[in-house]
Structures are given as C-alpha cells and as structure tokens.
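**Q** Attaching a single structure in structure tokens format; questions to follow.
What follows is calculated from the coordinates using simple rules that are stated; it is not laboratory data. What you are looking at is a predicted structure, and each value in this text was computed from that prediction instead of being measured.
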Amino acid sequence: MSANLMSAKKLFLLLACSTLLLGSCSWEKEIGPEYYTYPLVGDELSTPEGRVPSTEKVTVQANVRNRYGDFYVQVKYDVVWTDDNGNEQTKQQSSSIRYYDATDATIFYTATLPRQNPGCTVYWSIVATNEYGLTTATTPRSYTVYQP
C-alpha cells in the first residue's frame, strides 16, 4: 500500500471518529436559577412618612436578599415641584449604590435621602439588581415636604 493511501485511510478514520465524539458533546449552555431568579425586596418603609418638614432627611429601608449571585441596592427617587411659572418640574436622583454578596439571609438595607425644599413631593422606590441584570423595584411611595 502506498504511503498516500495509508495517510488517506488514517485521515478518514480520524474524521469519522471525531464526528462521533463531537456528536456526543452538548454545546448548549446549561441555565441555572441565577438566570431567572430575581432579587427579593420587601417590608420597605420610610421615616418620617407622609408629610416631612424641609429640615429633616428621610430614612428609607427594606429587607433584601439574592440567593444567586452578587447584587446591588439603591433608592431611585424623583423630586417633583411646581416652578414660579406654574410648570411642574422633575429631578431624577438616586442614592449611593451598595454592593452585597449572594446570600440566603435577609439583609436590612437602609439609605438616607437628603432634605428637600418645601412644596415638593418625593416619589421613591428601592431597586435591587443582581449580577445577571435581573432587577426588582418596590412599588413607588411618596412624601410631601412642608415648611415647618
């Protein structure tokens, strides 16, 4: 048998075996619960509530948890007021981001919102996002600010 024919047979055998081996491999990435389990946020409240004097900061708190993957939490809030021309204005803001490791335990999250001018209303929500981009936001709550 010639060397070329022997090399061709070896190449054919190699290609046939590699096809069988590749066919038994799974190329699909296995998706675990971290890709569809959202962070949990609950028991949110603020102090003081309702009507707040312009001299006070507001503390916002909630219980948060994320079992699968690291996550971060922050408060997003809108400050809404009416300007001198009678037009409603809105300024979107957020608190500093706090990072946490994945945990089965509940973490007590707290943030302080700055003092606001009298006559405005603040709409706030606590937002938790995991490292896979899944986000949970609480139902927006609000308080009004008055001149004491």
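**Q** With bins 10 Å wide starting at 0, give me the P(r) of segment 72-111 over every alpha carbon pair, in whole percents.
**A** Result returned by the calculation: 24, 34, 21, 14, 7, 0.
**Q** Provide the convex hull volume over Cα atoms per residue for segment 62-148, in Å³.
**A** Values: hull volume 8.5 nm³, N = 87.
It comes to 97 Å³ per residue, whole-number rounded.
**Q** Rg(Cα) of segment 26-104 divided by 2.2 N^0.38 Å?
**A** 1.62
**Q** To continue, here is another question. Tell me, what ³J(HN,Hα) does each residue in segment 119-126 have, in order and in whole Hz, if you take phi through Karplus 6.51 cos²θ - 1.76 cosθ + 1.60 with θ = phi - 60° and put x for Gly and Pro?
**A** Going residue by residue, I get x, 9, 10, 10, 10, 10, 8, 8 Hz, with x marking Gly and Pro.
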